[in-house]
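> Structure in C-alpha cells, see below.
The values are calculated or read from the model by the stated rules, or taken from the named source; none is laboratory data. All values derive from a computational prediction rather than experimental measurement. Heads up, the Cβs are rebuilt from the backbone with ideal geometry, glycines too, and the neighbour counts pull from every protein chain shown. Calculation scope for accessible area: heavy atoms of the full protein, side chains included, ligands and nucleic acids excluded. Shrake-Rupley method; radii C 1.70, N 1.55, O 1.52, S 1.80 Å.
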Amino acid sequence: MEELICDQVQVHGDLVDAVRAHLPDEAELSDLAELFKIFGDSTRIRILYVLFEHEVCVCDIAEILGMTQSAISHQLRIIKQSRLVKSRRDGKTIFYSLADDHVKSIVGLAREHLEEEK
C-alpha cells in the first residue's frame, strides 16, 4: 500500500493561506459532522427513503419497514432534531415529510458517488 506522506517536508505557504481563508469555523465543521452522523444509520436512511415517496405517519413507516412504531418514533425524533424532516398534525395523527429538497439531494449525491465505484 502506498504511503500517503510527502518524501520531503515543504510547506507551500501561499496555498496553505488560501485554503485556510476558505475553511469554515470549528463550530460549523462540528455541525456538519453531526449532520452526517444522522445519515450513518441504515434505519434512518430507510425512513428517509420512505419519506422521499410520500408524507406518512409513524404507523405507515412501521408497516412499510417491518419495524415497531416505537423504533420508528425514536429514529424520527433524531432525524427531526436535525431538521431533515418536518411534521404536521391532522386530528390525532402526525404526518412526517422531508423538510426540503436538500435532504433528497444529499442522499442522491451519495448514491451517485457509490455508483461511480461500480
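> Hey, could you check segment 18-32 for residues that are part of a helix (DSSP H, G or I) and open to solvent by 90 Å² or more (accessible area, probe 1.4 Å) and say which is nearest to residue 107 (Cα to Cα)?
31
> Between residues in segment 61-81 that are closer than 20 Å to residue 104 by Cα and residues that are open to solvent by 40 Å² or more (accessible area, probe 1.4 Å), which pairs lie under 6 Å by C-beta distance while being six or more apart or on different chains?
As it stands, the answer is 65/46, since those pairs meet every condition given.
> What's the number of the condition residue 67 fails, among (1) open to solvent by less than 100 Å² (accessible area, probe 1.4 Å); (2) in a helix (DSSP H, G or I); (3) among the hydrophobic types (A, V, I, L, M, F, W, C)?
The one condition residue 67 does not meet is (2).
> Taking segment 72-104, which residues are small (Gly, Ala, Ser) and either in a loop (DSSP other than H, G, I, E, B) or at pLDDT below 95 (or both)?
82, 91, 99
> So residue 35 passes all but one of these: (1) assigned to a helix (DSSP H, G or I); (2) surrounded by 15 or more Cβ atoms within 10 Å (Cβ to Cβ); (3) in contact (Cβ under 8 Å) with a residue 12 or more places away in the chain; (4) of a type outside the set (Phe, Trp, Tyr). Which condition number does it fail?
Of everything listed in (1) assigned to a helix (DSSP H, G or I); (2) surrounded by 15 or more Cβ atoms within 10 Å (Cβ to Cβ); (3) in contact (Cβ under 8 Å) with a residue 12 or more places away in the chain; (4) of a type outside the set (Phe, Trp, Tyr), residue 35 misses just condition (2).
> In this structure, does residue 87 turn out to be loosely packed, with under 13 Cβ neighbours inside 10 Å and of a type in the set (Ser, Thr, Tyr)?
Answer is no for this residue.
> Are there any pairs, at least 6 apart or on different chains, whose C-beta atoms fall under 6 Å, with the first in segment 48-59 and without any contact (Cβ under 8 Å) to a residue 40 or more places away in the chain and open to solvent by less than 30 Å² (accessible area, probe 1.4 Å) and the second assigned to a helix (DSSP H, G or I) and not small (Gly, Ala, Ser), and if so, which?
Qualifying pairs under 6 Å: 50/61; 50/64; 58/69; 58/72.
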